[in-house]
There are 2 protein chains.
Amino acid sequence: MGNILNGKEVAEALKQKLKVEVDELRKKGVVPTLSIVIVGDRADSAAYIKGAVKRCGEIGIECNVTELPQDLSQNEFIEVIHRQNADKKIHGIMIMRPLPSQISEDVVKYEISPAKDVDCFNPINVSKVMSGEEGGFAPCTPSAVMEILHHYGIDPKGKKTVIVGRSMVVGRPLAMMLLKENATITICHTRTINLAEETSRAEILIAAAGKIKMIKKDMVKEGAVVIDVGINFDENGRMCGDVDFDEVSPAAGMITPVPGGVGAVTSTVLAKHVIEACKMQS
Amino acid sequence: MGNILNGKEVAEALKQKLKVEVDELRKKGVVPTLSIVIVGDRADSAAYIKGAVKRCGEIGIECNVTELPQDLSQNEFIEVIHRQNADKKIHGIMIMRPLPSQISEDVVKYEISPAKDVDCFNPINVSKVMSGEEGGFAPCTPSAVMEILHHYGIDPKGKKTVIVGRSMVVGRPLAMMLLKENATITICHTRTINLAEETSRAEILIAAAGKIKMIKKDMVKEGAVVIDVGINFDENGRMCGDVDFDEVSPAAGMITPVPGGVGAVTSTVLAKHVIEACKMQS
């Protein structure tokens, strides 16, 4: 059985570090503050917000949730963002996506101040992730993957690292972040012809395809580090990842479970980004 | 002997297409115009500019070169860029890099209008390359690689495509552009442990490392498409690529020579971007 890469442990260790930083900021009279903006009702967003608010509270970060009506116009939405950009008490802004169809993400993404854009919505932060430039914010989920690797002392340098999935929220930015740490990167996706051939070469395998239990035992190299970014629900409503954990875990060297893996770290990474934003603005 | 992917032929075919487009624009009274901005003297830049001006002229694009003094301040440089952004007669702006040290590229890159940024300097265009969003400009060199593939009907879809080199002017943007066309992408670099193992898996191999003749015969799969982005000079001052052409060409299925390969296409791609910019602005 592979060793478990325990997301809760990673999040807990990071949380303790962040609490110290928040204490220092609060002693100087600065209260790190996150604004979460949601347009309309979405059950998945509501669950995410609940977790983020709880985690921020534990760390000492103030959290304001702005709930906006489903039929809000794009201009009204932009006004809200501009007001929050200008509000010196707000250090980080997280806009819940997807937005309703009358609000174009390709338009409004330019409106959030890059300095407050703690989940990498603004293209300026996307560009920084691609170039490896410091001082920006990567999306929280790939950042959570990097936190897990760092926590367990897994250095991707020179390692054959295979990512399954090429989304803008995980696969692509994660490829760039791992490249910055000198991994040899392969990006696979639905059009990859022999996926198993690619994945079984991986010393570090990242599953971020959004397809339930698609990574089987014969697709994984003995002893590999397996990071499962997937969040899916099986026919019994049980949460599971993109990796068939029961099959794969005996072969893997180290593996993240779902739940309790990457997903357990993202809200703490969000808190980390808010604190970084707060420090840059103070 | 592998078939030669002839850059001059690709450039010539593209040129004929672009001339028709320019004729149409000129009939409407619009003269597509490129501004090239250079600060100080650099022999390599001068050679590039000469080629670009010649090629643009053949296609019917007006070309203005602004030569600025080596000791120009950052603010003065930004003023020049802002003036050209506002000038309706200029459709594309190409800033020759590197800039002198008193001008920070990380600062001034935000100042060029993304709509006129025909060589992908502004982060907004970098972000569009990463996300695959339309309406931006990729850097000219990786775009030239894509032109060659398209011209010869080489579809990267599902192909094992290995890029050696991870620069922001070639390796990384090219990875994203090939990913958009559904290639399975591997990015290698100086820290890759067994480079030959990676490159010899490639159905399409792109050498963009900037290291003279580093790709040897035993690193290339029989029948592979080999694209050489390198421009180096040997001990006799002869231009050669990152691929050891004499050794590799008998094994390769198709291969670009140096000179006469990718480098022969870049200035025509630049012209293409100027025409696209002109159409978007007219």
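Computed from the coordinates by the stated procedures, all read-outs in this text should not be read as laboratory data. The structure displayed is predicted, hence computed values, not measured ones. Because the Cβ atoms are built from the backbone with ideal geometry, glycine has one as well, and the counts that use them run over all protein chains shown.
A few points about this structure:
- Lys, Arg +1 and Asp, Glu -1 on Cβ, resulting dipole of the stretch B:29-121 about Cα centre, debye, nearest 20: 360
- Those aspartates and glutamates that a straight Cα-Cα span of less than 16 Å connects to B:Lys213, excepting residues fewer than 8 apart in one chain: B:Asp228, B:Asp234, B:Glu235, B:Asp242, B:Asp244, B:Asp246, B:Glu247
- Distance histogram in 10 Å bins (all Cα pairs of chain B, percent per bin): 7, 28, 34, 23, 8, 1
- Each 5 Å bin, from zero up to the one with the longest distance, holds this percent of the alpha carbon pairs of the stretch B:148-240: 3, 14, 25, 26, 19, 10, 3, 1, 0.
- Its relative contact order, with pairs defined as Cα atoms under 8 Å and 6+ residues apart, puts the stretch A:30-119 at 39 percent.
- Within the shell defined by Cβ-Cβ distances under 15 Å, the residues around A:Gly40 carry a net charge of -4, with Lys and Arg each +1 and Asp and Glu each -1.
- Here each label is just a point 7 Å from Cα along the line to Cβ, and for B:Lys17 and A:Arg26 those points are 6.2 nm apart.
- A label point on A:Pro98, set 7 Å along the Cα-to-Cβ line, lies at 4.6 nm from each of its counterparts in the other copies, closest listed first.
- Checked against a 18 Å cut-off, the cross-linked pairs B:Lys88/B:Lys128; A:Lys8/A:Lys116; A:Lys8/A:Lys54 give Cα-Cα distances beyond that limit for B:Lys88/B:Lys128; A:Lys8/A:Lys116.
- Span-like helix ranges in chain A, DSSP H, alpha carbon extent 20 angstrom or more, Kyte mean at least -1.0: A:7-27, A:43-59, A:266-281
- Residue (of A:Asn232, A:Asn6, A:Val258) at the positive-pole extreme of chain A, dipole from beta-carbon charges: A:Asn6
- In the stretch A:30-119, a dipole from Cβ-located charges (positive for Lys and Arg, negative for Asp and Glu) runs towards its positive end, and of A:Val118, A:Thr66, A:Val37 it is A:Val118 whose Cα lies farthest in that direction.
- Between B:Glu235 and A:Glu134, the C-beta separation translates, for a Förster distance of 45 Å, into a calculated FRET efficiency of about 0.70.
- Semi-axis lengths (Å, descending) of the ellipsoid that matches the C-alpha gyration tensor of the stretch A:30-119: 21, 16, 10
- Packing around the peptides A:211-218, B:214-221, A:100-107, taken as the average count of other Cβ atoms within 10 Å per residue, puts them in this order, highest first: B:214-221, A:211-218, A:100-107.
- Label-point distances for A:Arg238 to the equivalent site in the other copies, using a point 7 angstrom along Cα→C-beta, read 6.7 nm when ranked shortest first.
- Under 11 Å, Cβ to Cβ, from A:Val265 - net charge with Lys/Arg +1 and Asp/Glu -1: +1
- In plain terms, the residue of B:His189, B:His150 with the fewest other Cβ atoms within 10 Å comes first and the most crowded comes last, giving B:His150, B:His189.
- Viscosity 1.002 mPa s, temperature 20 °C, Stokes-Einstein D of the protein assembly as shown from Kirkwood C-alpha radius, µm²/s: 85
- Taking the Cα centre of the stretch A:85-178 as reference, the dipole from Cβ charges on Lys and Arg (+1) and Asp and Glu (-1) amounts to some 240 debye.
- In the assembly of identical copies, B:Pro259 has its label point, taken 7 Å from Cα in the direction of the beta carbon, separated from the corresponding points by 6.4 nm (ascending, one decimal).
- Positive minus negative residues near B:Lys109 (Lys, Arg vs Asp, Glu; Cβ under 12 Å): -4
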